[in-house]
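Colleague: Please find one structure pasted underneath; my questions will follow.
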Amino acid sequence: MSLNVLIIDDDPDIRDTLSAVLEKDHHNPVPLGSAEEALEHAEKAVFDLIFLDMRLGSTSGLELIPRLLDTSPWAKIVLITAHGTVESAVEAIRKGAFDYITKPFTPTHVRVIAERIDRLRSLERRVEALEEDRERLVPAPRLASRNAAMKRVLELSERVAESDATVLIRGESGTGKGVVAEAIHGWSGRRDGPFSTVNCPSLSPALLQSELFGHVKGAFTGAVGTKAGRIEVTEGGTLFLDEVGDLPGEIQPRLLRFLQTREYERVGDPKTRKADVRLIAATNRDLDEAVEEGSFREDLFYRLNVVSLTIPPLRERREDLEDYADHFLRFFAARYGRPSLRYADSARDYIMGHDWPGNVRELQNAIERATILSVGEEVTPESLPRTDTPAASPTNSARLTGIGSELVSLEEMERRYILHVLEKTDSIEEAAETLGVAPSTLWRRRRKYGI
């Protein structure tokens, strides 16, 4: 992994020497001669390593350490001095410096420090990814497919991964758009960088803007400190915008500008920053229709739609159903301590005969439920959720969904049933799981019906 390195030293020979060593090892040095320039650059760009001279004219490098860490808390600062003493080393570490190097130093000293920090930053990024990773709670994603259309999607995904082109992934909710996005990142040259996901409809416009671009202290009520946005912390990696079709209109111009220039500003801060981030977006909406309706900017659509991938729904790739079902059963049987659990033939027939409108997510939820509820060593149709319920009488309908005996539109029935499920469950996540949809889809339905 190449490091972004800020060199702050008023001696041009030192700046040139450090730059030459770092460039030879494929890092990206930015040499500067003053504290003012350094602080300005640190606020605009992301640096992994900072070489800082102890004395910068009338400015003490020690006093600069907290100010640099305030704007770049992840940066590793190495103090340079010609007067190495135990006292100054201790003081530098106490103020937040990572290491200490004395003049004269050799290229080997610089390389050793850069290699240590390279390993440390890679480890930090992996830890950050693991903190967001749910592999311990859900099965690892399946990328193999027997379906010709899905195979083409995966082949194209591998090819486009080699570039930095923006990708728009289309498909119904639950088809695995996020899995494909993460696979593209994993196949790309950015694989060692962070992969971050922002779910566009899950936050209010103000919070979503802060989540993407960051904010400074006092930018809005509740902004008690400065926060880097996802764009900033995903430097060198891939940012996945899930359900981008629901991006609020007031944020669309800012995202468009970032796609065009890779520049942005934190909320409440006029200073322009740059970021090296690849963008992948996904939607289950018809964005062409949204552009015609005026709810989605045409220029933003074209910027996102450089490469378009469409994931077919599960009902159109039935040859994958059994593989998915077996994959999920193996995982959940191990997780819940039932390693000998298997499918009865009738359960396999049920799985293969169902359309799974919620796609892979619905199938996964159904198999987890069946793993928990099955009696004995076999999963039977009785432990799988039934959707082919008999026609209900007005009395039964009223008891189930509260729609009463009057005839209502399909939309009104959906609105009432969502209300019914929300009343019977303890959280949005549980309600979404019961309905067989993503929380973001449920959020959109609630917004649509004013629930």
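Colleague: With the requirement that a residue be in a helix (DSSP H, G or I), small (Gly, Ala, Ser) and in contact with a Lys or Arg (Cβ under 9 Å, 6 or more places away or on another chain), what does the range 162-217 give you? So that I can check it myself, show each step before the final result.
Modeller: In the first step, residues of the range 162-217 are kept if they are in a helix (DSSP H, G or I); the result is 177-187, 200-202, 205-213.
Still in the list and also small (Gly, Ala, Ser): 178, 181, 183, 186, 202, 206, 210.
Within the range 162-217, Ser210 is the sole residue that qualifies.
Colleague: OK, next. On the given criteria, is Pro270 closer than 17 Å to Gly174 by Cβ and either aliphatic (A, V, I, L, M) or more than 22 Å from the chain's Cα centre (by Cα) (or both)? Step through it out loud before you land on a result.
Modeller: Values: closer than 17 Å to Gly174 by Cβ: no; either aliphatic (A, V, I, L, M) or more than 22 Å from the chain's Cα centre (by Cα) (or both): yes.
In short, no.
Colleague: With within 16 Å of the chain's Cα centre (by Cα) and either under 30 Å from Trp356 (Cα atoms) or hydroxyl-bearing (Ser, Thr, Tyr) (or both) as the only criterion, which of Thr226, Thr283 stands out? Full working, then the answer.
Modeller: On the way: Thr226 fails: within 16 Å of the chain's Cα centre (by Cα).
Step by step, each of Thr226, Thr283 is checked, and only Thr283 is within 16 Å of the chain's Cα centre (by Cα) and either under 30 Å from Trp356 (Cα atoms) or hydroxyl-bearing (Ser, Thr, Tyr) (or both).
Colleague: Something else now. Please go through the range 71-110 and give me each residue that is of a type in the set (D, E, K, R), closer than 18 Å to Asp9 by Cα and out of contact with any strand residue (DSSP E or B) (no Cβ under 6 Å at 6 or more places or on another chain), ordered by number. Please lay out each step first, then the result.
Modeller: Initial filter on the range 71-110 (of a type in the set (D, E, K, R)): 76, 87, 91, 94-95, 99, 103.
Subsequent filtering for residues that are closer than 18 Å to Asp9 by Cα retains 76, 99, 103.
The answer is Lys103, and nothing else.
Colleague: Return the residues of the range 251-273 that are modelled with pLDDT under 95 and more than 28 Å from Ser2 (Cα to Cα); say none if nothing qualifies.
Modeller: Once the filter is applied, which keeps residues that are modelled with pLDDT under 95 and more than 28 Å from Ser2 (Cα to Cα), the range 251-273 yields Val267, Gly268, Asp269, Pro270.
For every residue, the table says whether it meets (1) at pLDDT 80 or above; (2) in contact with a His (Cβ under 8 Å, 6 or more places away or on another chain); (3) among the small types (Gly, Ala, Ser); (4) over 20 Å from Asp242 (Cβ atoms).
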position	(1), (2), (3), (4)
Asp345	yes, no, no, yes
Gly358	yes, no, yes, no
Glu362	yes, no, no, no
Arg369	yes, no, no, yes
Pro439	no, no, no, no
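Colleague: Kindly provide the set of residues from the range 52-101 that are among the acidic types (Asp, Glu) and buried (at least 21 other Cβ atoms within 10 Å of the Cβ), ordered by number. Walk me through it before giving the result.
Modeller: Taking the range 52-101 as the starting set, the residues that turn out to be among the acidic types (Asp, Glu) are 53, 63, 70, 87, 91, 99.
Answer for the range 52-101, where residues must be among the acidic types (Asp, Glu) and buried (at least 21 other Cβ atoms within 10 Å of the Cβ): just Asp53.
Colleague: A further question on this structure: Look through the range 1-31, keep the residues that are more than 14 Å from Lys103 (Cβ to Cβ) and in contact with a Phe, Trp or Tyr (Cβ under 6 Å, 6 or more places away or on another chain), and return whichever of them is surrounded by the fewest Cβ atoms within 10 Å (Cβ to Cβ).
Modeller: Among them, the one singled out is Asn4.
Colleague: To continue, here is another question. Of the residues Glu250, Glu263, which is surrounded by fewer than 21 Cβ atoms within 10 Å (Cβ to Cβ) and touching a Ser or Thr at 6+ places or on another chain (Cβ under 6 Å)? Please lay out each step first, then the result.
Modeller: Numbers: Glu250 fails: touching a Ser or Thr at 6+ places or on another chain (Cβ under 6 Å).
None of the other options fit; the residue is Glu263.
Colleague: In the range 329-343, which residue that is at pLDDT below 95 and of a type in the set (Phe, Trp, Tyr) is surrounded by the most Cβ atoms within 10 Å (Cβ to Cβ)?
Modeller: That would be Phe332.
Colleague: Just one of Leu56, Leu49 is without any contact (Cβ under 8 Å) to a residue 60 or more places away in the chain and either in contact with a Ser or Thr (Cβ under 8 Å, 6 or more places away or on another chain) or within 16 Å of Ala97 (Cα to Cα) (or both); which is it?
Modeller: Values: Leu49 fails: without any contact (Cβ under 8 Å) to a residue 60 or more places away in the chain.
Exactly one residue qualifies, and that residue is Leu56.
Colleague: When only residues in the range 32-45 that are crowded, with 20+ Cβ neighbours inside 10 Å and touching a Ser or Thr at 6+ places or on another chain (Cβ under 7 Å) count, which is nearest to Arg266 (Cα to Cα)?
Modeller: Ranking the candidates gives Ala42 first.
Colleague: If you don't mind, another one. What pairs can you find where one residue is in the range 239-265 and free of Cβ contacts under 8 Å to residues at least 24 places away in the same chain, the other is of a type in the set (Val, Ile, Thr) and surrounded by fewer than 16 Cβ atoms within 10 Å (Cβ to Cβ), and their Cβ atoms are less than 6 Å apart, with a gap of 6+ or different chains?
Modeller: Every condition considered, the pairs that remain are Glu263/Thr272.
The values are calculated or read from the model by the stated rules, or taken from the named source; none is laboratory data. Nothing here was measured: the structure is a model prediction, and the numbers come from that model. Positions of Cβ are backbone-derived with ideal geometry, glycine not excepted, and every protein chain shown enters the neighbour counts.
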